[in-house]
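Notes to accompany the following structure.
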């Protein structure tokens, strides 16, 4: 059985093509832009081409993410909490805590031994500590977003960031630069601020190891390591952390 999982996020749209016997066949990640449905169609076309299958061979599909309601061609729509939990449980069956930091929201999810969601906390009211937050800070620092992790590892010292509001934090970063603070120390301070905020969410659902992390921000090892220090335990990151939700959606399509 071949299924498709479609995760329409605020910044990226991800698709996974899954075979019930062979596992994941392919995936694609495209910018969501202003039209989530078009992004989903593009991502699906790319994933199908990569898998070497046609849309007619897809027997079931599930859409998830904030834009799932607009994906009319999907057979079913499921919340991203459920899909991220299912995707991570497939990749790391021992995981009990899931941290997801995407483009404009973040989540902490607690799982039981069967992979079912026991509790979760979600911040979707502001971009603090998300991928968008890091993009704005990278712009203020005049560094490439992909360089932030490497730069933060060049120092053991950090400059505390007092505000997590994207607008105020941007002004604070500009002021810190003007005062002569090193970019590396400011970046490390930003990563620690994100870790502090995220750890608070994790403790609200109840920290239990092992911990896994998904979402685009999981690609930033500076944030991951700051979180590991804050939580006091290692964090498992999938090879491609952005597709966990789409993978979970494809798995649910196969199961249902």
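Where a number appears in this text, it was derived from the coordinates with a stated rule and is not lab data. Treat the numbers as computed from the prediction; the structure is a model and nothing was measured. Cβ sites come from the backbone with ideal geometry, for glycine too, and all protein chains shown count toward neighbours.
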How many angstrom lie between the Cα centre of the stretch 15-90 and the Cα centre of the stretch 96-173? 25 Å
Counting DSSP beta bridges in the chain, what percent are antiparallel, to the nearest 5? 65 percent
Using only Cα atoms, tell me the angle between helix 36-51 and the longest principal axis of the chain; keep it within 0 to 90° and round to the nearest 10. 70 degrees
Taking Cα atoms, the helix 166-178 axis meets the longest principal axis of the chain at an angle in degrees (rounded to 10) of 40 degrees
Using the count of nearby Cβ atoms within 10 Å as a rough guide to exposure, how do 155, 214 rank from fewest to most? 155, 214
Per the helix-only model, the chain has a calculated mean residue ellipticity at 222 nm (DSSP H runs of ≥4, -39500 (n - 2.57) each, divided over all residues, rounded to the nearest 500) of -12500 deg cm²/dmol
At R0 = 51 Å, how high is the FRET efficiency between residue 49 and residue 182 if r is their beta carbon distance? Nearest 0.05 is fine. 0.65
